[in-house]
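The structure appears right after this line, and notes come after that.
The values are calculated or read from the model by the stated rules, or taken from the named source; none is laboratory data. All figures in this text were calculated on a predicted structure; none of them were measured in a lab. Neighbour counts are summed over all protein chains in view; Cβ atoms, including those assigned to glycine, are modelled from backbone coordinates with ideal geometry.
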Amino acid sequence: MVTTHHYKAYAKINIFLKIVGQKDDYHLINSRFIKLRSLFDLLSLEPNHTEEFSLLGRFDCELEQNTIYKAYKLLCHIDDKVKRFYAKYSIKVEKNIPSFAGLGGASSDAATFLLLTNSLCELNLSPKQLCKIGQNIGCDVPFFLSGYSSANVSGFGQIIEPFDEPEIQLDIYTPDIKCSTEKVYQKYSQTDKPSNTINPDKLSKLNSKDILDNYNIYELNDLYLPATKLYKELENYSKDWFFSGSGSTVFKLI
């Protein structure tokens, strides 16, 4: 019998997000990810009486598209213990992280599920193996698997370098705008690029506070301008705010 326990799936924000290339129709990024300890989904286990995989919670997608379900299916291919375990236990998710908001909620849920299943089912998968599985679910999953509070993230999201810095206090706001990551990246590819872009290698060496003190929303996130072309209301936050991921969450230093 598994003791009832809540597992926290934290949100993240991007202090900066620069697009540095493209490969196989996917964009290569250079970014600073910060874990938000004040915002998280809660995963827990409940008895499952269906003998089928059961996912409880309010989601914005069908089961087959859910990142937790995708993680479950990938783990089932590795070890039959996973299917047997989740025939007995349902996964319940209390959603607190807004969807379509650039906060990585779905990726964090998947990463948390991978970590707890690896432990509870005694799969003994290494961090590298988990990261490889996570990459097949979402680009942000490897960061959440790492457990780092702050990291420079590059490649397709699979290269994670911890960044040691003081914790910063942020005011975070998610407007009632659901940003499609796919559409924002498509619009980025169609949008003229500014000629005075900042070298991400320079940004990656600076503390997050120093970055926010010295640059603006357009300079720090290459996806903000294309996002405003799709969701014009985002222009309301061009002054004093910064943009996370492909949106719609904005933030600023307190």
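What are the residues in region 30-59 that are of a type in the set (S, T, N, Q) and more than 20 Å from the chain's Cα centre (by Cα), if any?
Going residue by residue through region 30-59, those that are of a type in the set (S, T, N, Q) are 30-31, 38, 44, 48, 50, 54.
If the condition is that a residue be of a type in the set (S, T, N, Q) and more than 20 Å from the chain's Cα centre (by Cα), then 48, 50, 54 are the ones that fit.
Of the residues in region 119-162, how many are of a type in the set (Asp, Glu) and either touching a His at 6+ places or on another chain (Cβ under 6 Å) or over 13 Å from residue 32 (Cα atoms) (or both)? Break it down into steps so the answer makes sense when it comes.
Step one: list which residues in region 119-162 are of a type in the set (Asp, Glu), which gives 122, 140, 161.
After this cut, where a residue has to be either touching a His at 6+ places or on another chain (Cβ under 6 Å) or over 13 Å from residue 32 (Cα atoms) (or both) as well, the list is 122.
So the count comes out to 1.
Only residues that are of a type in the set (A, V, I, L, M) and within 15 Å of residue 183 (Cα to Cα): list them for region 206-233, please.
Listed by number, the residues that qualify are 223, 225, 227, 230.
Please determine, by comparing only the residues of region 159-195 that are over 23 Å from the mean Cα position of the chain (by Cα) and assigned to a loop (DSSP other than H, G, I, E, B), which one is farthest from residue 237 (Cα to Cα).
Of region 159-195, the ones over 23 Å from the mean Cα position of the chain (by Cα) are 190-195.
From what is left, the residues that are assigned to a loop (DSSP other than H, G, I, E, B) are 191-195.
Values: 191: 20, 192: 21, 193: 20, 194: 20, 195: 23 Å.
By that ranking, first place goes to 195.
Residue check: is residue 199 outside the structural domain of residue 101 (by TED's automatic domain parsing) and free of Cβ contacts under 8 Å to residues at least 24 places away in the same chain?
yes
Testing residue 198 on (1) farther than 30 Å from residue 81 by Cα; (2) among the β-branched types (Val, Ile, Thr); (3) in contact with a helix residue (DSSP H, G or I) (Cβ under 6 Å, 6 or more places away or on another chain); (4) not in a loop (DSSP other than H, G, I, E, B), one condition comes back false. Which one is that?
(4)
Quick check on residue 80: is it free of Cβ contacts under 8 Å to residues at least 12 places away in the same chain, at positive phi and surrounded by fewer than 20 Cβ atoms within 10 Å (Cβ to Cβ)?
Against the criterion (free of Cβ contacts under 8 Å to residues at least 12 places away in the same chain, at positive phi and surrounded by fewer than 20 Cβ atoms within 10 Å (Cβ to Cβ)), residue 80 does not qualify.
Across region 116-133, what is the number of residues that are free of Cβ contacts under 8 Å to residues at least 60 places away in the same chain and in a helix (DSSP H, G or I)?
Here the count works out to 9.
If I filter region 166-179 for residues that are closer than 30 Å to residue 133 by Cα and of a type in the set (D, E, K, R), do I get at least one hit?
Within region 166-179 (the criterion being closer than 30 Å to residue 133 by Cα and of a type in the set (D, E, K, R)), the answer is yes, since at least one residue qualifies.
Taking region 215-236 as the region of interest, how many residues are closer than 28 Å to residue 163 by Cβ and either loosely packed, with under 12 Cβ neighbours inside 10 Å or of a type in the set (Gly, Ala, Ser) (or both)?
1
Could you tell me whether any residue of region 182-193 is modelled with pLDDT under 95 and under 17 Å from residue 35 (Cα atoms)?
No, every residue in region 182-193 fails to be modelled with pLDDT under 95 and under 17 Å from residue 35 (Cα atoms).
Here are some conditions: (1) touching a residue at least 40 places away in the same chain (Cβ under 8 Å); (2) within 23 Å of residue 182 (Cβ to Cβ); (3) out of contact with any Gly (no Cβ under 8 Å at 6 or more places or on another chain); (4) surrounded by fewer than 23 Cβ atoms within 10 Å (Cβ to Cβ). Residue 18 meets all but one. Which one does it not meet?
Result: residue 18 passes all but (4).
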